[in-house]
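One structure is given here, and the rest of the page talks about it.
The values are calculated or read from the model by the stated rules, or taken from the named source; none is laboratory data. Remember, predicted model here, so these are calculated numbers, not experimental data. Please note: Cβ atoms are built from the backbone with ideal geometry, for glycine as well, and neighbour counts cover all protein chains shown. For the accessible areas, the whole protein counts, side chains as well, though only heavy atoms, and no ligand, DNA or RNA atoms are used. Shrake-Rupley method; radii C 1.70, N 1.55, O 1.52, S 1.80 Å.
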Amino acid sequence: MMAVSSTCKDGSTKITMDNGKYVRYTPEQVEALERLYHECPKPSSMRRQQLIRECPILSHIEPKQIKVWFQNRRCREKQRKEASRLQAVNRKLTAMNKLLMEENDRLQKQVSQLVYENSYFRQQTQNATNLATTDTSCESVVTSGQHHLTPQHPPRDASPAGLLSIAEETLAQFLSKATGTAVEWVQMPGMKPGPDSIGIVAISHGCTGVAARACGLVGLEPTRVAEILKDRPSWFRDCRAVDVVNALSTGSGGTIELLYMQLYAPTTLAPARDFWLLRYTSVLEDGSLVVCERSLNNTQNGPSMPPTQHFVRAEMLPSGYLIRPCEGGGSIIHVVDHMDLEPWSVPEVLRPLYESSTLLAQKTTMAALRHLRQVSQEVSQPNVTGWGRRPAALRALSQRLSKGFNEAVNGFADEGWSMLESDGIDDVTVLVNSSPAKMMGVNFSYANGFPSMSNAVLCAKASMLLQNVPPAILLRFLREHRSEWADSGIDAYAAAAVKAGPCSLPMSRAGNFGGQVILPLAHTIEHEEFMEVIKLENMGYREDMLMPGDVFLLQLCSGVDENAVGTCAELIFAPIDASFSDDAPIIPSGFRIIPLDSGMDASSPNRTLDLASALEVGPAGNRASGDLSGRSGCTKSVMTIAFQFAFEMHLQENVTSMARQYVRSIIASVQRVALALSPSHFGSHAGFRPPPGTPEAHTLARWICESYRCYLGVELLKNEGSESILKTLWHHSDALMCCSLKTLPVFTFANQAGLDMLETTLVALQDITLEKIFDDNGRKTLYSEFPQIMQQGFMCLQGGICLSSMGRPVSYERAVAWKVLNEEESAHCICFMFINWSFV
């Protein structure tokens, strides 16, 4: 039956049935229906009948007509949301178009300037050549013609007038970088502007130090944007602290501040950085808000700051934020970061970390825009997420994890850390912290229940250089296969420090690890970072409650996207109490992997040593998606490991020995895994070629296609051509995955689209059970229809929602499942195909 609804002038609703019959609802009836709609947009037949009984004003309306009203109401709601979404996209596109036009104008100016300079220098060179026979001072001729002279700084001092002079110059130089041609900007690899992108990101080419620039849109007002960006420790994870030493107002309504800022060192192999800065906040004539900064040094005769022990004084060249109000709300923001990080002060192998504009863009410039977008979303959608936490509270937890890990890596003396003597091998550094602030909230008891009087935290840390192992691949392995490197006894010991009960020295329980369950908690907009709760030991669990006595870890994971250029990968975790309170003590440990060759092409995230890890290669030069031999040279990365242990002071010697041994065992495990994941595992780089597709892989691909043809009567693969069945199946656009015929089915194979949908690798695929990817409704449908597969050979599932291994919802239009038969025509496995899938 078809029906069309319309709203009358008197507020009533009129529904036209397909038989020409009209049903007019009074405002009172509409109000009653609207109340139910807000409670339950899709009521069942019994609920609709109950509504008729409870509301006498609806008694003369047939249930079928009420069903039609709800259908039309849902349709109107869907149209309203779609219209609102399209309007938002249109506003974004309009603002992005404005940004692109401005960028195009800037590039045209830059081209014109380069053409002029090229012509000028060619003319000067020609003149110098002509004069060479009569005048040997050609160098002076060329030099005198230079029109780019080093600016001479006027005398400055620490007076308000002197600081204002420095501030105005900083403003002019910043604007020339943000919207002018003072720096030659090139688009950052892998960044494509669009309505859903973070913005337009560029890195410097051929300038002093490292520089990055970004332009983007955020749904916050300019003053709020400036307030957030000024609070650098809240969004820049590498920022330890920013102290405002002095502040003064200018006559034009601006503000000048003198700042002292400290940045954490990313690894144990380099010292931390600090900055002595002037920050100038002002409003331009067009209403734009500007926050610009620069380092104060001796050449400006401004106020000085003495050097700080254990820090290297770095320089910030004119940088900052240009924030303009956007039509329809929100802001258009230009971010410029330009620094000289003094790479001379670190070992040569680490200098790429301090000479890479790409890394600066990833860790600082883009982090600012991502944080603003995250805050904007939290303001517009302040929903309660995992375990009753609001997004802002979860973000604060992730910041605590990151800050605690950075403190452990750096081990500053002013935080209470002191280094212990080496045991003769300098591979692992051990520090102890017994300051009251560090121990606040940590529980300790003797085995007999009496409280301990002197408590402390011990940190064992080390750094190592890795060759030919992309950070994302290694990090995924560490996250998904904790039992390969972790000791369950030490995990239990760490968890005991935050529980209400006694804790004692850990006993090694290698082999008793009962596995892990990953419970998704939260993620950022672009999923570049996500937080989860890890349940250890083979025990029952409920996702809505943490049971006392279990071992739980709060885990922060970032940098798993292999396509992101120059991304730092981190896995940071800390034991949590069953109460999981906001003020619970957090003692983080974890891994950080930073690529040292950020400009090189990243490898496929799904390369493994498994069934389909090496697809058929064919002629030389034709490589499958899993092949990495196309990369030239070798990739390097530095891995930093830091593990913290709470302990009682009288056990310091024993805990120190245990911590050193544990970290060394982790290092050995990581080296073993890195060797297995490295292409050099198969031979030298020069002649490295992946092994041919295994017979088992080709056989499985043939069984999948033949069984599909047998049960559904059509071909699974179209236009194979010269491609092998395995290779064509691997590149099929729909997600294909096979699961075993066990009591608890687990996945055994998936093509590239299937791995992307599950957000996993072939190594970790076998840890995912079939029921884990479906929600409650999906599991009920699967269990009820599964016998049909075994009897009929196949079944078709309506569109719905499933979950990736990281807990992200995935929608699919429809799904097909069929029985895969082997040569003896007995069931080998079940194959699922999810058609037109996408992340929600």
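Before moving on, here are some points about what is shown:
- Qualifying residue in the stretch 424-443 (condition: open to solvent by 60 Å² or more (accessible area, probe 1.4 Å), at pLDDT 90 or above and under 22 Å from Arg592 (Cβ atoms)): no
- Failed condition for Thr358, given (1) touching a residue at least 60 places away in the same chain (Cβ under 8 Å); (2) within 21 Å of Phe530 (Cα to Cα): (2)
- Residue in the stretch 683-697 that is among the aliphatic types (A, V, I, L, M), open to solvent by 30 Å² or more (accessible area, probe 1.4 Å) and at pLDDT 75 or above present: no
- Here the condition is being among the basic types (Lys, Arg), closer than 30 Å to Val218 by Cα and open to solvent by less than 100 Å² (accessible area, probe 1.4 Å); of Arg47, Arg76, it holds for Arg76 alone.
- Some residue of the stretch 739-752 being over 14 Å from Phe834 (Cβ atoms) and among the aromatic types (Phe, Trp, Tyr): yes
- Selection over the stretch 247-270 of residues that are surrounded by fewer than 19 Cβ atoms within 10 Å (Cβ to Cβ) and free of Cβ contacts under 8 Å to residues at least 60 places away in the same chain gives a count of 7.
- Only listed residue being closer than 23 Å to Tyr354 by Cα, in a strand (DSSP E or B) and under 20 Å from the mean Cα position of the chain (by Cα), chosen from Ala241, Ala214: Ala214
- Residue in the stretch 774-790 that is assigned to a strand (DSSP E or B), free of Cβ contacts under 8 Å to residues at least 40 places away in the same chain, open to solvent by less than 50 Å² (accessible area, probe 1.4 Å) and closer than 17 Å to Leu744 by Cβ present: yes
- Test: residue in the stretch 382-389 that is under 23 Å from Gln555 (Cβ atoms), modelled with pLDDT of 90 or more and open to solvent by 20 Å² or more (accessible area, probe 1.4 Å): no
- Flag if Val816 is in contact (Cβ under 8 Å) with a residue 24 or more places away in the chain and surrounded by fewer than 17 Cβ atoms within 10 Å (Cβ to Cβ): no
- For Trp344, the conditions (1) over 20 Å from Thr208 (Cα atoms); (2) hydrophobic (A, V, I, L, M, F, W, C); (3) open to solvent by 30 Å² or more (accessible area, probe 1.4 Å) all hold with the exception of (1).
- Restricting the stretch 20-44 to residues that are hydroxyl-bearing (Ser, Thr, Tyr) and open to solvent by less than 40 Å² (accessible area, probe 1.4 Å), the residue that is modelled with the lowest pLDDT is Tyr25.
- Selection within the stretch 244-278 - within 30 Å of the chain's Cα centre (by Cα) and among the acidic types (Asp, Glu): Asp274
- Matching entry among Met806, Met757 (being buried (at least 17 other Cβ atoms within 10 Å of the Cβ), assigned to a loop (DSSP other than H, G, I, E, B) and under 30 Å from the mean Cα position of the chain (by Cα)): Met806
- Residue under evaluation Glu293, criteria (1) of a type in the set (Asp, Glu); (2) out of contact with any Pro (no Cβ under 8 Å at 6 or more places or on another chain); (3) modelled with pLDDT of 90 or more, criterion not met: (2)
- Met316 vs. criteria touching a residue at least 12 places away in the same chain (Cβ under 8 Å), crowded, with 21+ Cβ neighbours inside 10 Å and under 16 Å from Leu263 (Cα atoms): yes
- Residues located in the stretch 227-246, provided they are buried (at least 20 other Cβ atoms within 10 Å of the Cβ) and closer than 19 Å to Gly287 by Cβ: Leu229
- Close pairs from the stretch 387-406: first over 17 Å from Ala367 (Cβ atoms) and basic (Lys, Arg), partner at pLDDT 90 or above and open to solvent by 50 Å² or more (accessible area, probe 1.4 Å), Cβ under 9 Å, at least 6 apart: none
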